[in-house]
Amino acid sequence: MERHGSESYFVIGEGLLGESLGGREETLPRTMATAAPAAPPPFRFSRMGPKGTGKQLGEPNRRKIALAMTPDNLQPGTIPAGFTYLGQFVDHDLSFDTTELLEGVDIKPADLLSARSPSLDLDCLYGLGPQDPGSAKFYEADGLHLKMGSADGGPAGNKFDLPRVGVGTPAAKRLALIPDKRNDENLAVGQLHLAMIRFHNRVVDTLPAAVPPAQRFTEARKKVVMHYQWMLRSDYLPRICAPAVVTNVFNQGRRAFEVNALPDQVPTMPVEFSVAAFRLGHSMIRADYRWNKHFPSATLGDLFDFSGLNGDLGGGDRLPSIWIADFRRLFNFGQITPPPAPLVVPATKFNRAMRIDTRLVNPLRQLRVPDPNPRKNLAFRNLARANMVKLATGQQMATFLIGKGVQLTRLTKPQIRNGANGAKLDTLTVPQRNALLANTPLWFYILRESELNNGRLKGVGARIVAELFHRAMEASKNSIVREPSFRPSLGPNNTTFRMVDLLFFAFQGQAALLNPNGN
């Protein structure tokens, strides 16, 4: 079966898992991305810190590190598994590289052109809006609601699948009718995209009648984007980063990334974020998922097979209804007070993401791509990408950030070597290990920081991620950074809006919608 899709979550701004198990038929020297949209926004990648010239590890060393990072028998962390795919959705909202990268060639970040707005404005959901001729197809005839599709085998009009184009073969005719096709590359991110469509449509339906017809879409989108940003700031970021770092950046401002940029100036996408820090999601991926009552142990490969971009929806024209997500197993509705009993599942059915550390689940050692070994290994591919863009080492970035006034503690060589129940470096020769300890690839360094911080980014990694999110929110037309008086109105109170609150509102708090297949 021919497979299509973007490369990996946080591969210079591409999708989470497209290459991870079902990626495009390519080898490293080929293009990283599929065709760009007709009119990509004018922004490019950049460097936040120094160039890593002369600091890259050799390929034999990278091979051994990659094998050490993809062992068997990993244990989950504490973050609900749904946040893995929320991270992928966010990544697609931020960037999509359309530039060819060649192994062994010095690629300048300024030459990497993206086809995605680098602000957290949900353009992956809205496209250019209902008035744009190229985006109107994503909307219902009223120009307010986003289209949804029905799963196969369920009640007529059940709206549990993404809207799809055409029927029958070839598979491309069954691709999702959404602005960013990468959100159809695996079932988890596809169902999450559908939940965001539901969220928008529910906001439209609950707008006050006093809002004039000509303003209803604009008001709905603003409300959706502002609540989305609040959720990322208050729920997602503190789960993946040290909360103190997030608070410092959002309260005291940025120190390292586009510090003097005008708020409405188009930002850039730093390669330190897209090639290293935000690839944290690779370590969160599970090998299997307690998906719903029909599939208590769905494999990672299953999630690709039942997508439209990397799979064939199981051979049908629409998603089979037995594959609709049980969101109760992906997000913890026990957070809601009082917890609605039908929305809380026992621990034996709940999915937690793998701990954010220097290990990836074993299926990511052998991707379903035609490349020769070791290029089937996702960890190797990540390390190779960093080499292509001459990414700064972890040590270089620590020095750079400290020079900007950021308070952080550098990792010591023993910490990098030993970690905390992470990748073991015993197979490296002494010279290879010494090279790693002296010039640690930024991605590995950041994951080691997290590993030593109980599975949350800290130091270099936390600072890069928090500053990028702050800038991406600041640069959005609708922005909680530029409108600090905003308070959420769709959650339990005016200070709380989490991912479970978003889903609870979008699905009207109904177990039959959050879990249509039943217990």
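Just the number, please: carbon plus sulfur as a percent of the accessible area of the chain, 1.4 Å probe, no ligands or DNA/RNA counted. Roughly 52 percent, rounded to a whole number. For residue 352, the residues 5 or more places off, or on other chains, whose built amide H falls under 5 Å of its own are 81.
Annotation: extensible slack from residue 399 through residue 487 equals 28.0 nm (criterion: 0.36 nm per residue apart, minus Cα-Cα distance). With a threshold of 32 Å on the Cα-Cα distance, the over-threshold entries among 293/477; 64/458; 51/413; 223/376 are 293/477; 223/376.
With the simple model of a label 7 Å out from the Cα in the direction of the Cβ, residue 266 to residue 495 spans 4.0 nm.
Restricting everything to alpha-carbon atoms, can you work out Rg to Rh for the chain with a Kirkwood hydrodynamic radius?
0.94
Return a whole-number percent for the relative contact order of the stretch 350-449, with Cα pairs under 8 Å and 6 or more residues apart as the contact set.
Relative contact order here is 36 percent.
Placing a pseudo-label 7 Å from each Cα along the Cα-to-Cβ vector at residue 78 and residue 415 gives an inter-label distance of 1.9 nm. Using only the Cα atoms, work out Rg/Rh for the stretch 317-414, with Rh taken as the Kirkwood radius, to two decimals. Result for the stretch 317-414 is an Rg/Rh of 1.13. Across the stretch 132-234, Cα pairs under 8 Å and at least six residues apart give a relative contact order of 20 percent.
Note on residue 135 and residue 427: with the Förster distance fixed at 35 Å, the Cβ-Cβ geometry gives a FRET efficiency of about 0.10. Here residue 458 sits with roughly 110 square angstrom of accessible surface, probe radius 1.4 Å. DSSP assigns beta bridges within the chain; of those with both partners inside it, close to 75 percent run antiparallel. Available extension along the chain between residue 434 and residue 508 is 21.0 nm, counting 0.36 nm per residue and deducting the alpha carbon span. Under 8 Å for C-alpha pairs, at least 6 residues apart: give me the relative contact order for the chain, rounded to a whole percent. Result for the chain is 26 percent. Our compactness index for the stretch 393-486, the C-alpha radius of gyration over the empirical 2.2 N^0.38 Å, is 1.33.
Each of residue 477 and residue 211 was given a label point 7 Å from its Cα along the Cα-to-Cβ line. The distance between the two points is 1.5 nm. For the chain, what is the mean residue ellipticity at 222 nm derived from helices alone (per DSSP H run of n ≥ 4: -39500 (n - 2.57); sum divided by total residues; nearest 500 deg cm²/dmol)? Calculated from helices alone, the mean residue ellipticity at 222 nm is -9000 deg cm²/dmol. Close amide H partners of residue 161, meaning residues 5 or more places away or on another chain with modelled amide H under 5 Å apart, are 149, 150, 151.
The values are calculated or read from the model by the stated rules, or taken from the named source; none is laboratory data. Being a predicted model, the structure only gives us computed values, none of them experimental. A quick note on method: Cβ atoms are made from the backbone with ideal geometry, for glycine too, and the neighbour counts reach across all protein chains shown. Calculation scope for accessible area: heavy atoms of the full protein, side chains included, ligands and nucleic acids excluded. Shrake-Rupley method; radii C 1.70, N 1.55, O 1.52, S 1.80 Å.
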